[in-house]
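Novice: I have a structure here, written as structure tokens, and I will follow up with some questions on it.
What follows is calculated from the coordinates using simple rules that are stated; it is not laboratory data. None of the values given here were measured: they were computed from a predicted structure. In this analysis, Cβ positions are derived from the backbone assuming ideal geometry, glycine residues included, and neighbour counts consider all displayed protein chains.
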Amino acid sequence: MTARRLQRPIASKAAAAAETKTKIPKTKAAEVLDAEVVGSSSSDGASSTTTTTTTLPLEKRVLDYVRWMVLHHDGFVAAFMSCIRHAPLTNQHHQWRGLARRAPGTTAVIFAETDELISEKDYEQQGLPLAGGREHVFWRVVSGSHDFVMTHPDSIMAALDEFWQAET
């Protein structure tokens, strides 16, 4: 049941009731992956950094990604539900303070530059001081919007490579 629910957008009860009367079409993985990450090539054929050039609204992109993950990753539903149950989004000041007790340079926090839902500036003002400040935490902002983990993996991996290099 959860797998089916994760394939439907979040909506009001009236909209949800109307939606249940129509079958939700399945999205092919290729269509989801084209949501749209476009790499440009240089004259030598090398691909440059990817940029998102999508015109789809965030909720449609995320719905397509979730649909694909439900269909192709056996552990996705359990992992998603675990996040919902055990990772509350508010009143987590004590958790952020706990990051300050870790050894300096052992915590990485990565944000998307144009995230529509999560403001890096808010976290910088409220969370970063609790976590021990810039000298304590690896803090990076990379390209992308709220779905950057799906559209900009290269930027994330470059930041993680930088973090892991600094750790050694």
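Novice: Counting pairwise Cα distances across segment 89-168, what percent come out greater than 17 angstrom?
Specialist: Counting every Cα pair in segment 89-168, those more than 17 Å apart make up 48 percent.
Novice: Now a separate question. What FRET efficiency comes out for the pair A78/Q125, r = Cβ-Cβ distance, R0 = 25 Å, nearest 0.05?
Specialist: Once rounded, the FRET efficiency stands at 0.15.
Novice: Given a Förster distance of 35 Å, report the FRET efficiency between L160 and T55 from their Cβ-Cβ distance, rounded to the nearest 0.05.
Specialist: According to the calculation, E is roughly 0.75.
Novice: DSSP loop (so not H, G, I, E, B), at most 16 other Cβ within 10 Å: list which GluC sites (Glu not before Pro) in segment 117-149 pass both filters.
Specialist: E135
Novice: Could you tell me the relative contact order of segment 89-168? Use alpha-carbon pairs under 8 Å, at least six residues apart, and round to a whole percent.
Specialist: 37 percent
Novice: Now for a separate question. Are there trypsin sites (Lys or Arg not before Pro) in segment 54-120 that DSSP puts in a loop and that have at most 15 other Cβ atoms within 10 Å, and which ones?
Specialist: R101, R102
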